[in-house]
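S.K.: After the structure tokens below, expect a handful of questions from me.
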Amino acid sequence: MRAVILSAGRGQRLMPYTAAQPKCLVSVLGKPIVQWQIDLLLDHGIDQVVVVIGYGAEQVEKVLHDHYGDGVTCVFNPFHHLCDNLISAWMARPFLQGDCLLLNGDTLMDHGAMETVLAGKEGPVVLAVHRKPVYDGDDMKVQLQDERLVHVGKRLSDPIDAESIGCIRFNGTGAGWFCHALEEAVRDETSLGQWYLSVIDRMAGQHPVWTQDIGQNQWAELDCPADLAHLREVLPRWNLRKHGWHAAMPNEPKAG
């Protein structure tokens, strides 16, 4: 299985931590976010990793080459300063084939969540979701019919059944459906400002898109400094010890 990580953005909401580096290089317990993601994938046997980069591309390429050599493929999105992640997904089309994962560049999961995503519900397209009592305006909300996706988006009204955690598994024909839908979407100039999940939302009306609840497993996203503080607190409890977070903790860099 291959994994594609969308990490082209700067992360303006994370200032001052992104004053001189892109979001994916922001350090948590001494290791950049993108490394936490790649190491988790490697732990689960996914050794074909593609990272879509944009802002600070040279910095990201150096970090990835220093740690993984030629084991990680970088795809440059030249429109990163103009668009949201739909275009980054479109740039990654050659790698979205067969069985693969698509990950947001600011999503972190524990081992249990990754195991659930990989071994969970079968289907051409499976969106990983999490249920909670209350959803806020920044959540990527999900409406379901049983376990099949009806709609996904931030502006959905009640009833809300779950939220997307920023991870999709494609099996067989599902990646082809998605790439075809991306090709259609980019013909509309408004696609520059859209998330790739808007494509999944439209696909759900044409093809079966299933969801996989991660249950009690843990995940978090990195959008703002409060999220960074939360990650520093919870990450040590997530059984992500294989890559030495405890050794890096004393050297945690400050903002800027």
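S.K.: Of the numbered conditions (1) farther than 14 Å from residue 123 by Cβ; (2) over 20 Å from the mean Cα position of the chain (by Cα); (3) of a type outside the set (D, E, K, R); (4) surrounded by 16 or more Cβ atoms within 10 Å (Cβ to Cβ), residue 144 fails exactly one; give the number of that condition.
M.R.: (1)
S.K.: On to the next question. Residues that are modelled with pLDDT of 85 or more and within 19 Å of the chain's Cα centre (by Cα): find the helices (runs of 4 or more DSSP H) completely inside the range 177-256 holding 3 or more of those. First the steps, then the outcome.
M.R.: Working: elements: 197-203, 225-234, 245-248.
Helices (runs of 4 or more DSSP H) meeting the threshold: 197-203, 225-234.
S.K.: Return yes when residue 121 is within 17 Å of residue 169 (Cα to Cα) and either within 16 Å of the chain's Cα centre (by Cα) or not polar (S, T, N, Q) (or both) and no when it is not. Steps first, please.
M.R.: Details: within 17 Å of residue 169 (Cα to Cα): yes; either within 16 Å of the chain's Cα centre (by Cα) or not polar (S, T, N, Q) (or both): yes.
Criteria met by residue 121.
S.K.: Looking at (1) modelled with pLDDT of 95 or more; (2) in contact with a Leu (Cβ under 8 Å, 6 or more places away or on another chain), can you tell me which one residue 62 breaks?
M.R.: (2)
S.K.: Checking the conditions here, which among 98, 71, 9 is over 17 Å from residue 166 (Cβ atoms) and in contact (Cβ under 8 Å) with a residue 40 or more places away in the chain? Step through it out loud before you land on a result.
M.R.: Values: 71 fails: in contact (Cβ under 8 Å) with a residue 40 or more places away in the chain; 9 fails: over 17 Å from residue 166 (Cβ atoms).
That would be 98, the only listed residue that is over 17 Å from residue 166 (Cβ atoms) and in contact (Cβ under 8 Å) with a residue 40 or more places away in the chain.
S.K.: Taking interchain pairs and intrachain pairs at least six residues apart, which have beta carbon atoms under 6 angstrom, with the first residue in the range 169-185 and farther than 22 Å from residue 129 by Cα and surrounded by fewer than 21 Cβ atoms within 10 Å (Cβ to Cβ) and the second of a type outside the set (Ser, Thr, Tyr) and at pLDDT below 95?
M.R.: Final answer for the pair search is 185/199.
S.K.: In the range 202-217, what count of residues is obtained for those that are in contact with a Gly (Cβ under 7 Å, 6 or more places away or on another chain) and either surrounded by fewer than 20 Cβ atoms within 10 Å (Cβ to Cβ) or of a type in the set (Val, Ile, Thr) (or both)? Break it down into steps so the answer makes sense when it comes.
M.R.: Start the filter on the range 202-217 by keeping residues that are in contact with a Gly (Cβ under 7 Å, 6 or more places away or on another chain), which leaves 208, 210, 212, 217.
Subset that is either surrounded by fewer than 20 Cβ atoms within 10 Å (Cβ to Cβ) or of a type in the set (Val, Ile, Thr) (or both): 208, 217.
Of the residues in the range 202-217, 2 are in contact with a Gly (Cβ under 7 Å, 6 or more places away or on another chain) and either surrounded by fewer than 20 Cβ atoms within 10 Å (Cβ to Cβ) or of a type in the set (Val, Ile, Thr) (or both).
S.K.: Right, next: One residue is enough: does the range 86-101 have a residue meeting the conditions over 22 Å from residue 176 (Cβ atoms), buried (at least 19 other Cβ atoms within 10 Å of the Cβ) and not basic (Lys, Arg)? First the steps, then the outcome.
M.R.: Keep residues of the range 86-101 that are over 22 Å from residue 176 (Cβ atoms), which gives none.
The answer is no, given that none of the residues of the range 86-101 is over 22 Å from residue 176 (Cβ atoms), buried (at least 19 other Cβ atoms within 10 Å of the Cβ) and not basic (Lys, Arg).
S.K.: Right, here's the next one. So is residue 158 assigned to a loop (DSSP other than H, G, I, E, B), closer than 21 Å to residue 5 by Cα and out of contact with any helix residue (DSSP H, G or I) (no Cβ under 7 Å at 6 or more places or on another chain) or not?
M.R.: On the way: assigned to a loop (DSSP other than H, G, I, E, B): yes; closer than 21 Å to residue 5 by Cα: no; out of contact with any helix residue (DSSP H, G or I) (no Cβ under 7 Å at 6 or more places or on another chain): yes.
No; evaluated as a whole, the condition is false for this residue.
S.K.: Here is a follow-up. Name every residue in the range 12-50 that is under 20 Å from residue 95 (Cβ atoms), without any contact (Cβ under 8 Å) to a residue 60 or more places away in the chain and outside any loop (DSSP other than H, G, I, E, B), in order of residue number.
M.R.: Across the range 12-50, the qualifying residues are 38, 42, 48, 49, 50.
S.K.: Could you please let me know if residue 131 is under 14 Å from residue 213 (Cα atoms) and surrounded by fewer than 20 Cβ atoms within 10 Å (Cβ to Cβ)? I'd like the intermediate steps shown before the answer.
M.R.: Details: under 14 Å from residue 213 (Cα atoms): yes; surrounded by fewer than 20 Cβ atoms within 10 Å (Cβ to Cβ): yes.
Criteria met by residue 131.
The values are calculated or read from the model by the stated rules, or taken from the named source; none is laboratory data. Every value quoted in this text rests on a predicted model; they were computed, and no experiment measured them. For neighbour counting, all protein chains shown are included, and Cβ atoms are generated from backbone atoms with ideal geometry for every residue, glycine included.
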